[in-house]
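Encoded as structure tokens, the structure appears first; notes follow it.
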Amino acid sequence: MRTFWRRYGLAYLFIAPAFLGMLLVHYGPMVQGIYMSFLDLRLQTLRLYLQAPFVGLENYREILLNPESTFRAGFLYAVRTTLLYTLVVNALNLSLGLLVAHLLNRPLFLRGLWRSLILLPWVVPSYVVGLLWGFMWLKEGVINHLLVDVLGLLPQKPHWLIGPLTFVAIVLPTVWRSWPFVMVTYLAALQTIPQELYEAAKVDGATPWQRFRFVTWPMLRPVTAVLLLYGLLGTMYSFNIVYMMFGHGAGYPGEWGDLLMTNLFRNTFGMWNFGLGAAASTLYMLLSLGLILFWYRVFREDLRAR
């Protein structure tokens, strides 16, 4: 032990301030939020803050077990929509990003220009994306004009911001903004794969699909794991696009458009019910942790191999 501290003690001493700062910044608010979930913290008791009446698990019971709770129905709908939103957005991002990365990895006229143009949506701030697409999805907006008046693909102009179509209205802007990042990451990974592997596969008579399956994909699995983790965290905590699309949070996005973050924001800060909001946030944190643990079990060997 003395040898260990003699060898590494100075290094640990240097990183100790940063480590303590991270504990204070990250875990301090988290512990405080969990404690708030056991309090009756609302507008009437807000002045008491952490001295508000202790109610134990009552906030959790209100969310999970009380059928008459106005918070419960919206929260469960938001959980379902968020999980489906996370699945669809990440599946589209990974598929579209990998496909376009393969195309741009080949000799192509003005390839550098195409790469730059494709990256432009990723540069646009998410709240701007939500605001612009909110106008585009209106019944008399540009999307309905193209689909109905120009292309004639639909018999009439639908309401994209009402009902089940709301899910489509929040998925497409998210994919439009986020898939270029996936593409450029895959493109960088493809350029690191040795060409000798493909030449050897061709000599063995491998078809293009077999070369992708047995050469390209195994080399891309670690990158895919990181992209999927980044995508899971990004979509699970997505907020800006929905918030801006539905009138700066003033409008209710409905059963198929309400994500957990917008639901928590509206019910916590709009209804001044901070105890219930803290309990719902804690449940959401546990749900996110479960997804991350599942992700780690799936890609554990790939991460260790690298």
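Brief remarks follow.
- For Thr81, Thr3, the ranking by accessible surface with the largest value first comes to Thr3, Thr81, using a 1.4 Å probe.
- Phi to ³J(HN,Hα) by Karplus 6.51 cos²θ - 1.76 cosθ + 1.60 over the stretch 168-183, Hz, x for Gly, Pro: 4, 5, 9, 6, 4, x, 5, 5, 4, 7, 9, 5, x, 5, 5, 4
- With all protein chains modelled, accessible area of Val184 [1.4 Å, Å²]: 50
- Euclidean distance between Cα centres, the stretch 238-306 to the stretch 143-194, Å: 21
- Karplus-derived 3J(HN,Hα), 6.51/-1.76/1.60, for each residue of the stretch 263-276, Hz, glycine and proline x: 5, 5, 4, 5, 6, 8, 8, x, 9, 6, 10, 7, x, 5
- Charge tally for Lys157 (other residues, Cβ to Cβ under 12 Å; Lys, Arg +1; Asp, Glu -1): -1.
- Pairs of C-alpha atoms in the stretch 36-190 farther apart than 26 Å represent 53 percent of all such pairs.
- Farthest toward positive dipole pole in the chain [+1 Lys/Arg, -1 Asp/Glu at C-beta], among Leu98, Trp209, Ala188: Ala188
- About the Cα centre, charge dipole magnitude for the stretch 140-230 (Lys/Arg +1, Asp/Glu -1 at Cβ), debye: 160
- Answer label for Cα extents along the principal axes in Å (calculated), chosen among (i) 72, 42, 34; (ii) 48, 48, 41; (iii) 78, 74, 32: (iii)
- With θ taken as phi - 60° and the Karplus curve 6.51 cos²θ - 1.76 cosθ + 1.60 applied, the whole-hertz 3J(HN,Hα) list for the stretch 118-129 is 5, 6, 4, x, 5, 6, 5, x, 5, 6, 5, 4 Hz, x standing for glycine and proline.
- Taking the 1.4 Å solvent-accessible surface of the stretch 2-141 as the whole, the part contributed by carbon and sulfur is 72%.
- For Leu39, the residues whose modelled amide H falls within less than 5 Å of its own, excluding neighbours fewer than 5 places apart on the same chain, are Val55.
- Debye, to nearest 20: dipole size of the chain, +1 on Lys, Arg Cβ, -1 on Asp, Glu Cβ: 900
- Mean residue ellipticity (222 nm) of the chain, computed from DSSP H runs ≥ 4 via -39,500 (n - 2.57), nearest 500: -21500 deg cm²/dmol
The values are calculated or read from the model by the stated rules, or taken from the named source; none is laboratory data. The structure displayed is predicted, hence computed values, not measured ones. Cβ atoms come from the backbone with ideal geometry, glycine included; neighbour counts cover every protein chain shown. These area figures cover heavy atoms from the full protein model, side chains too; ligands, DNA and RNA do not enter into them. Shrake-Rupley method; radii C 1.70, N 1.55, O 1.52, S 1.80 Å.
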